[in-house]
Amino acid sequence: MSWWQAVLLGIVQGLTEFLPVSSSGHLTIGQTLLGVEFAEGDMLFFDVLVHAATVCSTLVILWKEVWWLLRGTFGTVQWNDEKTYAGKILLSMLPVMVVGLFFQDRLEQIFGSGLLIVGICLLITALLLCFAHFAKPREKATISWSDSFIIGLSQAVATLPGLSRSGTTIATGLLLGNKRETVAQFSFLMVLIPILGKTLLDTIDIAQGEITTGLSAVAMICGFVSAFVVGCAACKWMISIVKRQKLLYFAIYCSLVGLFAIIYSLV
């Protein structure tokens, strides 16, 4: 993979990690259109790299919320709003942790990651975004414990390639009647620990020599930097988009890209 291909794929990851259009699905499409062929281990290594970059983007853009959460959770022994919020985030992570630890390999064997399944899942994402756009939220003051778990279940389902994690979790939160800005922030914060955990495990495998990479240092740096910079912009943009009720445009986009992926895979 050349440096410019790494830049383009990094941009795709940084942009689509936060926008409701599926980063995994777009990476698959991007690799296909660019003709990128990863050697064994390189795909996982690059995936770890760009996901780490988007985690850094989230920490930079939502640093006030992250600091509020950490300070309130570990800075006092008394139960407070911060501990309650942290507990809801932990609860939301349980379904995806179970899927990741016990069923991820099985799901990949069943569904694969080709353009056909990506296209189908993008159409499902479009449908969810349509429902969320036309839903009339009850504007709950806070996300409840039960809502946290249901949103977590939607995140677990969104491990399928082409099913947008942010789109699925935000749409689910809106359909449950939560405020737009509140559910967008919760969606971005709830994924931090699962991504960090997966990144850590994959990094350990790489460090132990179980996974080797032939990617050049220049390509890795270019991919990380482009994913981080674009991710920062996309994170701020997405929160603004949700507040301004613009999800329908992404539903149309996902429909078009999904149809393109299906047709391209069948031709």
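Laboratory data are not the source of any read-out in this text; all were calculated from the coordinates shown. No experiment lies behind these values; they were computed from the predicted model shown. Cβ coordinates were reconstructed from backbone atoms using ideal geometry, including for glycine residues, and neighbour counts include every protein chain displayed.
Structure notes:
- When peptides 69-75, 28-34 are sorted by average Cβ neighbour count within 10 Å, with the highest value leading, the order is 28-34, 69-75.
- Checking every one of the GluC sites (Glu not before Pro) in the range 1-109 against DSSP loop status and a limit of 16 other Cβ atoms within 10 Å picks out Glu37, Glu40.
- Between Phe149 and Trp237, the modelled labels are 3.7 nm apart [label points 7 Å from Cα along Cα→Cβ].
- Comparing Leu200, Leu153, Leu27 along the charge dipole axis of the chain, the residue lying farthest to the positive side is Leu153, per the Cβ-charge model.
- Residue-span extension gain [Leu59 to Arg244] - 0.36 nm each, minus C-alpha spacing: 64.3 nm
- Computed about its Cα centre, the charge dipole of the chain is approximately 1240 debye, with only Lys, Arg, Asp and Glu carrying charge at their Cβ.
- Pairs of Cα atoms nearer than 8 Å and 6+ residues apart set the relative contact order; for the range 145-267 it is 20 percent.
- Relative contact order of the chain, defined on C-alpha pairs under 8 angstrom at six or more residues apart (%): 40 percent
- Kyte-Doolittle mean at least 0.0 and Cα axial length at least 24 Å: DSSP H helices in the chain: 42-61, 81-98, 115-134, 217-243, 247-266
- Principal axis box of the chain, alpha-carbon based, largest edge first, Å: 50, 41, 34
- With the simple model of a label 7 Å out from the Cα in the direction of the Cβ, Leu259 to Thr199 spans 3.7 nm.
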